[in-house]
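The values are calculated or read from the model by the stated rules, or taken from the named source; none is laboratory data. Every value quoted in this text rests on a predicted model; they were computed, and no experiment measured them. All Cβ positions, even for glycine, are placed from backbone atoms using ideal geometry, and neighbour counts span all protein chains on display.
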Amino acid sequence: DAGVIQSPRHEVTEMGQEVTLRCKPISGHDYLFWYRQTMMRGLELLIYFNNNVPIDDSGMPEDRFSAKMPNASFSTLKIQPSEPRDSAVYFCASSDRNYGYTFGSGTRLTVV
Amino acid sequence: GQQLNQSPQSMFIQEGEDVSMNCTSSSIFNTWLWYKQDPGEGPVLLIALYKAGELTSNGRLTAQFGITRKDSFLNISASIPSDVGIYFCAGPYSGGGADGLTFGKGTHLIIQP
């Protein structure tokens, strides 16, 4: 199993541009989570899906953030328009019901 | 929301020393998990605890689920260089869904040569 695959690994973009982060969960895992990690705030849950349906998006910071999961093997997190304060490492994780999250390697986003 | 407080924030130790770190919560947890994050990677699950008082080992790592259900401890015996990283405690998130995890801010473990 290749694990949770995220792309790109690094993204540098200018303020105001649209950014799309991608995630392929582990096959058979029915939960998918998006987290953001910063030095100040640590790991924050943004949104999670169960069987492709968004369950809790209360952690999404504002309307500029949106996430989709069109099928069991793919999810996107989009920021439009991006701002410098969105700079962080964004992690996708998937799991079965046992809290045994498997994290991807993350996307390091820098907005300049 | 829930807060998980980890201490210490950083540890500077010599190779071969034992390490202890803990995590406390403002509310009761039914599950405690410990993760380790290496530089440039995502966190990896080390140990999961599901019952108050439970003591679980994974090689040189031992974790305990506190009796009050508001704390947990992680010990590492005879530290080696590959133990360097950030250790996170985590527990089920009390937001709208029941399946997300709340993470502590982490304990940075640094091994001095």
Scan segment B:83-106 and report the pairs whose first residue is farther than 15 Å from A:GLY42 by Cα and at pLDDT below 90 and whose second residue is assigned to a loop (DSSP other than H, G, I, E, B) and of a type in the set (S, T, N, Q), with Cβ atoms within less than 8 Å and a gap of 6+ or a chain change. B:PRO92/B:ASN30; B:PRO92/B:THR31; B:SER94/B:GLN2; B:SER94/B:SER27; B:GLY95/A:SER58; B:GLY96/A:SER58
Look through B:ALA48, B:ALA63 and report the one residue that is in contact with a Phe, Trp or Tyr (Cβ under 8 Å, 6 or more places away or on another chain) and at pLDDT 95 or above. B:ALA63
Which condition number does B:VAL84 fail, the rest of (1) in contact with a Pro (Cβ under 9 Å, 6 or more places away or on another chain); (2) within 20 Å of A:ASP96 (Cβ to Cβ); (3) among the hydrophobic types (A, V, I, L, M, F, W, C) being met? (2)
Quick one: in segment B:1-44, of everything that is within 19 Å of B:SER82 (Cβ to Cβ), in contact with a Phe, Trp or Tyr (Cβ under 8 Å, 6 or more places away or on another chain) and aromatic (Phe, Trp, Tyr), which residue is farthest from the other protein chains (Cβ to nearest Cβ)? B:TRP34
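Listed here are the residues, each with its yes/no results for (1) surrounded by fewer than 19 Cβ atoms within 10 Å (Cβ to Cβ); (2) in a loop (DSSP other than H, G, I, E, B); (3) away from every other protein chain (no Cβ under 14 Å); (4) in contact with a Ser or Thr (Cβ under 7 Å, 6 or more places away or on another chain).
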| residue | (1), (2), (3), (4) |
| --- | --- |
| B:ILE67 | yes, yes, yes, no |
| B:ASN75 | yes, no, yes, yes |
| B:SER79 | no, yes, yes, no |
| B:SER82 | yes, no, yes, no |
| B:TYR87 | no, no, no, yes |
Please verify whether B:ILE13 is assigned to a strand (DSSP E or B) and over 10 Å from the mean Cα position of the chain (by Cα), treating the condition exactly as stated. yes
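How about segment A:96-112: which of its residues are within 14 Å of the chain's Cα centre (by Cα), part of a strand (DSSP E or B) and not charged (D, E, K, R)?
Residues of segment A:96-112 that are within 14 Å of the chain's Cα centre (by Cα), as a first pass: A:101-109.
In the following step, the residues that additionally are part of a strand (DSSP E or B) were identified as A:102-103, A:107-109.
A:THR102, A:PHE103, A:THR107, A:LEU109, listed by residue number.
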